[in-house]
Structure formats: C-alpha cells, structure tokens
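Read through the structure below, which is laid out as structure tokens, and then see the notes.
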Amino acid sequence: MILVTGATGTVGGQVLRGLGADHAVRVMARDPRKVGAPAGVEVVHGDYGDPDSLDRALAGVRGVFLVTARVGGDDDEVFLRAARRAGVRHVVKLSAAAVEDDRANDLITRWQRENERLLRDSGMEWTLLRPRSFMSNTLSWAGSIRSEGVVRTLYGASSNACVDPRDIAEVAVRALTEAGHAGRAYTLTGPRAVTAIEQTAQLSELLGRPLRYEEVEPDQARARWGERYPAAVVDALSRSAERQRDGAKVRVEPTVREVTGRPAGSFEDWARDHLAAFMPL
C-alpha cells in the first residue's frame, strides 16, 4: 500500500494520477471530500495534528509520498513518528532546491533542512525531491492576464530553472514504485532557466494577444505577500527573490532525464497545456 499526502495540491494530485490503477493506493486528506480520487483509491481522513488519524491512515502502508506545508511547524516530526510505528519502509519527501544553497538561511529553507534531517535520521528508507520553483506558479498571473493583459512580478529579468510539476510527480512515482531510489536526493529543474519577461513573451505568443510586463518594486511585493503570510514568511519570500536576482536559481540539472528517461518539460510546453487558465473568461 502506498499513501499519498497532499493529493489536493499541485504535485500530490499528479502523483495520485501517475500511480494509476497498477498499485494499491490510499490518500490521506484533512477533508476527503475535496479529493478527486480515481476509482479504486481509498481516501481517508488524516490530520498531522491528530496522531490517532495518522495511525489509521498509515496502517498497512509500505511507502509514502509526504508533503507538508505548515512552515515552521512540527508536522514532519509527528508524521514520521507515526510512520515508524506503522512499519513504513520508504518515504519520498517533497522538499526544495534551496536546501543546497549555503546562502539560503531563511525560515522556509531552515524548516525544510530540518525536515530532511528528521527523515534521514528516522531509520526508514528515504528519497528527497528538491524541485526548483514550479512552472505552475505563473498561474498567479492569470487574473491580471485575463483582465488587463499584464504580468506583474518582482525581478522580471532574473532567471529561474523552474520545473514542470508533472515531472516532479513522475520522479516521485518512480521513487515509490521502483528499486534504486532509496538514499537519493534529487534536485529537479526544467531544461533551461527562464525569466518572467521571457515567460510573458511565450504566453503572449501562445495566446495570440499582446501582453505587457510590469516590474513590481520590492516594497510592493512585500506588501502583497503581507496580506497572505506572516512576517517571517514574507521575509523568506523576499530573500528567495533576491537570491534569484543574484543568479542562485539558474543551474539546470539532468535529473528528470536520468530518472525518467526523457527530457524535462519546457515552460512553453507547460503553458500550452494550461493555456485555458490565461484566456479571457
């Protein structure tokens, strides 16, 4: 039995689809009603704050795809403790590429590093997935593209080797279902680093309509983030953007090809497949 967490999220949902009907799969979710699981997939309630629910979700599970999102919290520690009790053999953990950057010492990166350490020290087999930024993050531009034909973001000329979430999910599925991935840490990127200005131009061409890029000032970006996140997370996002501006996110890795046997998907390919999200309503 394979347990998938984060199935309502960007990568977890793709992992669920990638596992298909060939494997016994269970999904853990705080609200099972929100999970669009394929036929034959068991969906159970589970909450990192409820150890009893974790024990029930993990019963009979041998492998786990683990996603946590409460920055600074102890969800990983609580879950891994329950996984050991249940006899889980292998955990595939969604982490982040920033953990490898010595210049990254913000709250989010420190939290991910600690989560990785907890898993490595757990006594279970582990695989770490360290993606660069998701190509799907550009969906946050959809509203302004539809209504104004404008993309607004910070440091638009800085490059990021962003990755297609579908590629992350395929690597996760292989790690969960094939031998040879235990004890490996996979940094996952797209085939080349791109800027927001370049992404705007590619979306414009695909949509067949002019789009304009407008640079957002750092103070404006922080104010917008502050409407959604606590101050420590805003600071982490700001530092991450500064590292991208300084070239920390341009390195391209061959990992997707090495694990899956095919090239990593390009932003243009991802955008073409998700173009409807950017079209006027």
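The values are calculated or read from the model by the stated rules, or taken from the named source; none is laboratory data. Note that this is a predicted model, so its numbers are computed, not measured. Every residue, glycine as well, gets a Cβ built from its backbone with ideal geometry; the counts of neighbours run over all protein chains shown.
Looking for whichever is in a helix (DSSP H, G or I), out of contact with any His (no Cβ under 6 Å at 6 or more places or on another chain) and buried (at least 20 other Cβ atoms within 10 Å of the Cβ) here; the options are Ala169, Ala142, Ala221. Which one fits?
After ruling out the rest, the residue left standing is Ala169.
Residues are listed down the side, and each one gets a yes or a no for (1) within 16 Å of Lys93 (Cβ to Cβ); (2) surrounded by fewer than 20 Cβ atoms within 10 Å (Cβ to Cβ):
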| position | (1), (2) |
| --- | --- |
| Met1 | no, yes |
| Val4 | yes, no |
| Ala7 | yes, no |
| Ala29 | no, no |
| Lys34 | no, yes |
| Gly40 | no, yes |
| Tyr48 | yes, no |
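For region 242-261, what are the residues that are more than 20 Å from the chain's Cα centre (by Cα) and more than 20 Å from Thr153 (Cα to Cα)?
Gly261
Residues of region 231-251 being in a loop (DSSP other than H, G, I, E, B) and either surrounded by fewer than 17 Cβ atoms within 10 Å (Cβ to Cβ) or not small (Gly, Ala, Ser) (or both), which ones?
Asp246, Gly247, Lys249, Val250, Arg251
Tell me, yes or no, whether region 109-123 has at least one residue that is touching a residue at least 12 places away in the same chain (Cβ under 8 Å) and part of a loop (DSSP other than H, G, I, E, B).
Yes, region 109-123 has at least one match.
Would region 14-30 turn up any residue that is assigned to a helix (DSSP H, G or I) and more than 30 Å from Ala161 (Cβ to Cβ)?
Checked against the condition, which is being assigned to a helix (DSSP H, G or I) and more than 30 Å from Ala161 (Cβ to Cβ), region 14-30 yields no hits at all.
With the requirement that a residue be of a type in the set (Val, Ile, Thr) and either assigned to a loop (DSSP other than H, G, I, E, B) or buried (at least 19 other Cβ atoms within 10 Å of the Cβ) (or both), what does region 145-166 give you?
Ile145, Val151, Thr153, Val163
Would you confirm, using the coordinates I've provided, whether Arg103 is part of a loop (DSSP other than H, G, I, E, B) and touching a residue at least 40 places away in the same chain (Cβ under 8 Å)?
For Arg103, the condition - part of a loop (DSSP other than H, G, I, E, B) and touching a residue at least 40 places away in the same chain (Cβ under 8 Å) - is met.
Taking Gly180 and the conditions (1) assigned to a loop (DSSP other than H, G, I, E, B); (2) under 21 Å from the mean Cα position of the chain (by Cα); (3) not hydrophobic (A, V, I, L, M, F, W, C), which numbered condition does it fall short on, given that it satisfies the others?
Tallying (1) assigned to a loop (DSSP other than H, G, I, E, B); (2) under 21 Å from the mean Cα position of the chain (by Cα); (3) not hydrophobic (A, V, I, L, M, F, W, C), Gly180 fails exactly one: (2).
Would you say Ala82 is of a type in the set (A, V, I, L, M, F, W, C), modelled with pLDDT of 95 or more, surrounded by 23 or more Cβ atoms within 10 Å (Cβ to Cβ) and in a helix (DSSP H, G or I)?
No: the conditions fail for Ala82.
Considering only region 118-140, I want to know if a residue exists there that is touching an Asp or Glu at 6+ places or on another chain (Cβ under 7 Å) and more than 25 Å from Val259 (Cβ to Cβ).
no
Can you name every residue in region 252-278 that is in contact with a strand residue (DSSP E or B) (Cβ under 7 Å, 6 or more places away or on another chain), closer than 14 Å to Pro165 by Cβ and outside any helix (DSSP H, G or I)? Explain how you work it out, then say what you get.
Initially, region 252-278 is screened for residues in contact with a strand residue (DSSP E or B) (Cβ under 7 Å, 6 or more places away or on another chain), giving 253, 255-256, 259, 264, 267.
Checking the rest, the ones that are also closer than 14 Å to Pro165 by Cβ come to 256, 264, 267.
Ala264, the sole residue that qualifies.
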